[in-house]
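K.L.:
Before anything else, here's the structure in question.
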Amino acid sequence: MSDEARPPRTAVVIPAAGRGVRLGPGAPKALRALNGTPMLVHAVRAMAASRAVSLVVVVAPPDGAGEVKNLLDAHALPERTDYVVVPGGDTRQESVRLGLDAVPEDVTTVLVHDAARPLVPVDTVDAVIEAVRDGAVAVVPALPVADTVKEVEPAERPGGPEQVVATPVRARLRAVQTPQGFDRDTLVNAHATVALTGEGATDDAGMVEKLGAPVVVVPGHEEAFKVTRPLDLVLAEAVLARRRATDGF
Ligand code: CTP
Ligand code: MG
């Protein structure tokens, strides 16, 4: 195949190196089971379900790359996709950068997807990829917010009263999800340029915004929610049970 005939390659970086402090004590969050299968394996399958994805880079806990490799080998994954595991860093921002370092030069579109969003439907993944291929340099799936949101001056002691600073108009707010999709050079540039401060960026598109590049939102999906607290595990297992009942999967 000549270079011109070769389709644009898409890779997904899956940051999975977090500890899952808010989920409570136990194994690193990405390795915890949902209906018997590690959350990370669900997330990898969700990405590999897209025919456009040719490479998945998993960013493992810093001392857990070997364990994660064994885990992927032990579970059936689509064969048309390549899988690479690299060790992560102390912050999500560092973990994503380490994953990006492992993406080969010929990849033009990169998605970044939280291992903690194991149930995102393939239609959402494909919609993000399509928007990037249609020319957007940064694409974010998002949903309108259900709750009214207040901006506050955070209290010095946890649980103390907090002064309200503003109430943004709810209709203009979106809660963002992953996979976020990027023109590869734009994302690499953002990670090379935006400084790591504090806990680091929790949103790659936000880093691209800091470069002054345009970011667009496309419709997200309820099932792309992030498993953060114990109740989210209950919801995730309920979604899996419903899928099993409706499609025998
Ligand atoms: N992540 C990562 N490297 C880190 C921190 C987070 O790869 N140093 C990943 C997590 O594994 C997760 C995603 O970033 O898939 C989103 O982060 P979050 O939901 O905050 O997960 P944790 O950081 O693991 O959870 P917590 O903040 O409760 O500790
Ligand atoms: Mg975190």
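K.L.:
Are there any helices (runs of 4 or more DSSP H) wholly within segment 153-249 with 1 or more residues that are of a type in the set (Ser, Thr, Tyr), and if so which?
P.N.:
Working: elements: 184-193, 204-210, 230-247.
Result: 184-193, 230-247.
K.L.:
Across segment 203-229, which residue is nearest to ligand 2 (Cβ to nearest atom) among those that are closer than 14 Å to ARG117 by Cα and open to solvent by 50 Å² or more (accessible area, probe 1.4 Å)?
P.N.:
Only one residue tops the list, namely LYS226.
K.L.:
A further question follows. Among (1) loosely packed, with under 15 Cβ neighbours inside 10 Å; (2) more than 23 Å from LEU100 (Cα to Cα); (3) of a type outside the set (Ser, Thr, Tyr); (4) more than 16 Å from ligand 2 (Cβ to nearest atom), there is one condition ALA236 misses while meeting the rest; what is its number?
P.N.:
Every condition holds for ALA236 apart from (1).
K.L.:
Inside segment 9-126, counting only strands (runs of 3 or more DSSP E) that do not spill past its ends, which hold 1 or more residues that are within 11 Å of ligand 1 (Cβ to nearest atom) and surrounded by fewer than 20 Cβ atoms within 10 Å (Cβ to Cβ)?
P.N.:
Working: elements: 9-15, 53-60, 82-87, 107-112.
Result: 82-87.
K.L.:
So, of the residues in segment 161-202 that are of a type in the set (A, V, I, L, M), under 22 Å from GLU94 (Cβ atoms) and out of contact with any strand residue (DSSP E or B) (no Cβ under 6 Å at 6 or more places or on another chain), which turns out to be least open to solvent (accessible area, probe 1.4 Å)? Steps first, please.
P.N.:
Within segment 161-202, the first condition is being of a type in the set (A, V, I, L, M), and the residues that meet it are 164-166, 169, 171, 173, 175-176, 187-188, 190, 192, 194-196, 201.
In the following step, the residues that additionally are under 22 Å from GLU94 (Cβ atoms) were identified as 176, 187-188, 190, 192, 194-196, 201.
Next cut, out of contact with any strand residue (DSSP E or B) (no Cβ under 6 Å at 6 or more places or on another chain) only: 188, 190, 192, 194-196, 201.
Numbers: VAL188: 60, ALA190: 0, ALA192: 85, VAL194: 24, ALA195: 69, LEU196: 85, ALA201: 24 Å².
Out of the qualifying residues, it is ALA190.
K.L.:
Restricting segment 129-151 to residues that are in contact with a Gly (Cβ under 7 Å, 6 or more places away or on another chain) and in a strand (DSSP E or B), which is most open to solvent (accessible area, probe 1.4 Å)? Write out each step before concluding.
P.N.:
Here is the first cut: in segment 129-151, the ones in contact with a Gly (Cβ under 7 Å, 6 or more places away or on another chain) are 129, 131-132, 139, 141-143.
In the following step, the residues that additionally are in a strand (DSSP E or B) were identified as 139, 141-143.
Values: VAL139: 0, PRO141: 0, ALA142: 6, LEU143: 48 Å².
Looking at the filtered set, the residue picked out is LEU143.
The values are calculated or read from the model by the stated rules, or taken from the named source; none is laboratory data. These figures come from a predicted structure and were not determined experimentally. All Cβ positions, even for glycine, are placed from backbone atoms using ideal geometry, and neighbour counts span all protein chains on display. Ligands, DNA and RNA are excluded from the accessible area calculation, which covers all protein heavy atoms including side chains. Shrake-Rupley method; radii C 1.70, N 1.55, O 1.52, S 1.80 Å.
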